[in-house]
Amino acid sequence: MSNIGNIRELEDQVQPDWMGLIFYPPSPRYVGDQPFPGITDISLRKVGVFVNESRESIQQKVNDFGLSGIQLHGDENVAEVKAIKESSGLEIFKVFKVIDRMKWTELEAYLPWVDYFLFDTYTQNQGGSGQTFDWEILKDYPFEKPIILSGGIDADQVNEILELKKLIPQLAGVDINSRFEVEPGIKNISKVKKFKAQLKKIE
């Protein structure tokens, strides 16, 4: 998200578990390097989204924006993730892009250093495709580490998410974005609020 008025509406009306701030300059949702007025006063847990960013730069954003989580959306290797986890002490979401299958052994070395794996649809543009991958791929997920589902999620998929949760108890949440936007970085608050209420009702 990128507009403080919109963020305050989200805070007042929805109270999501996490809220994302994208620090990847090519993204249309890029929030910039400098904190905008009011962002550090927001009580929501703010997750910074980074793509192959240096540990020092990430830590600067953590301090400046008051982040409480870090989403690593690039090609960060295990050593880099470990260093970011140890230096920040924050929740780490490591993103893996799904094409048509997953090699679960490639995730094993990350297990001690991440709090969540986030699975997104593969795109050469580092996310933001608005497309959903085949969720069947996740049904043989072998770890206890909780996972977040991302990639083109829309409000009409509540029942599908419920069914997936029955099969994958490690499913801890969903990452929603483009299908809930008025424009890049601006959320349709009423749609997000309704979606959350539907998920909670089902739970």
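The values are calculated or read from the model by the stated rules, or taken from the named source; none is laboratory data. Model, not experiment: these values are computed from the prediction. Neighbour counts run over all protein chains shown; Cβ positions are idealised from the backbone, glycine included. Side chains are part of the model used for accessible areas, which takes the heavy atoms of the whole protein and leaves out ligands, DNA and RNA. Shrake-Rupley method; radii C 1.70, N 1.55, O 1.52, S 1.80 Å.
Let me cross-check LYS103: its accessible surface, 1.4 Å probe, with only protein heavy atoms counted, in Å² to the nearest 10?
Spelled out: LYS103, probe radius 1.4 Å, area about 100 Å².
Go ahead and collect, in residue order, the members of the range 109-124 whose backbone nitrogen is under 19 Å from a label point 7 Å along the Cα-Cβ direction of ARG101.
Taking a point 7 Å out along Cα→Cβ of ARG101, the residues of the range 109-124 whose backbone N falls under 19 Å are 120-123.
Accessible area per residue, 1.4 Å probe, Å², for the range 1-95: what's the number?
On the way: 4160 Å² over 95 residues.
Normalised by residue count, the accessible surface of the range 1-95 is 44 Å².
When only Cα pairs under 8 Å and 6 or more residues apart are kept, what is the percent relative contact order across the range 17-109?
Numbers: 117 pairs, mean separation 21.8, N = 93.
So the answer I get is 23 percent.
Taking amide H positions as placed 1.01 Å from N in the peptide plane, with prolines and chain starts having none, which residues 5 or more places from PHE133, or on another chain, fall under 5 Å of its amide H?
Long-range HN contacts for PHE133: THR121.
So what is the calculated 222 nm ellipticity per residue for the chain, using -39500 (n - 2.57) for each DSSP H run with n of 4 or more, over all residues, to the nearest 500 deg cm²/dmol?
Numbers: 5 runs with 56 residues, N = 203.
For the chain, the value works out to -8500 deg cm²/dmol.
If the limit is 30 Å between Cα atoms, which of LYS82/LYS103; LYS82/LYS193; LYS61/LYS139; LYS82/LYS187; LYS103/LYS187; LYS103/LYS200 go over it?
On the way: LYS82/LYS103 21 Å; LYS82/LYS193 35 Å; LYS61/LYS139 35 Å; LYS82/LYS187 33 Å; LYS103/LYS187 34 Å; LYS103/LYS200 32 Å.
Among LYS82/LYS103; LYS82/LYS193; LYS61/LYS139; LYS82/LYS187; LYS103/LYS187; LYS103/LYS200, the Cα-Cα distance tops 30 Å for LYS82/LYS193; LYS61/LYS139; LYS82/LYS187; LYS103/LYS187; LYS103/LYS200.
Quick one: Cα centre-to-centre distance for the range 80-101 and the range 129-203, in angstrom?
Answer, in whole Å: 19.
Can you tell me which of LYS166, LYS61, LYS191 moves the most in a GNM of the chain? Springs connect C-alpha atoms under 10 Å apart.
Looking only at LYS166, LYS61, LYS191, the biggest GNM fluctuation is shown by LYS166.
Between ASP156 and GLU183, what length in nm is gained on full extension when 0.36 nm per residue of separation is reduced by their alpha carbon distance?
Details: separation 27, 0.36 × 27 = 9.72 nm, distance 1.95 nm.
Here the segment from ASP156 to GLU183 would lengthen by 7.8 nm.
What is the dipole size for the chain, taken about its Cα centre, with +1 at each Lys and Arg Cβ and -1 at each Asp and Glu Cβ, in debye to the nearest 20?
Numbers: 24 positive and 31 negative charges, 90 e Å.
Charge dipole, the chain, about its Cα centre: 440 debye, nearest 20.
Go through the range 73-83 residue by residue and turn each phi into a ³J(HN,Hα) via Karplus (6.51, -1.76, 1.60, θ = phi - 60°); whole Hz please, and just put x for glycine and proline.
For the range 73-83, the Karplus-derived couplings read 10, x, 9, 4, 7, 4, 4, 5, 5, 4, 5 Hz, x marking Gly and Pro.
Taking 7 Å along the Cα-to-C-beta vector as the label spot, tell me the ARG8-ARG55 distance in nanometres, rounded to one decimal.
That separation, rounded to one decimal, is 3.8 nm.
Extension gain GLN170-ALA79, at 0.36 nm per residue separation less the Cα-Cα distance, in nm? Write down the numbers at each step before the final one.
Details: separation 91, 0.36 × 91 = 32.76 nm, distance 2.48 nm.
Full extension of this stretch gives 30.3 nm more.
Carbon and sulfur together cover what percent of the accessible area of the chain at a 1.4 Å probe radius? Numbers along the way, then the final one.
Working: 4660 of 10110 Å².
That fraction is 46 percent.
Give the residues of the range 162-198 whose amide nitrogen is closer than 19 Å to a point set 7 Å from the Cα of ASP17 in the direction of its Cβ.
Taking a point 7 Å out along Cα→Cβ of ASP17, the residues of the range 162-198 whose backbone N falls under 19 Å are 162-178, 180, 192-198.
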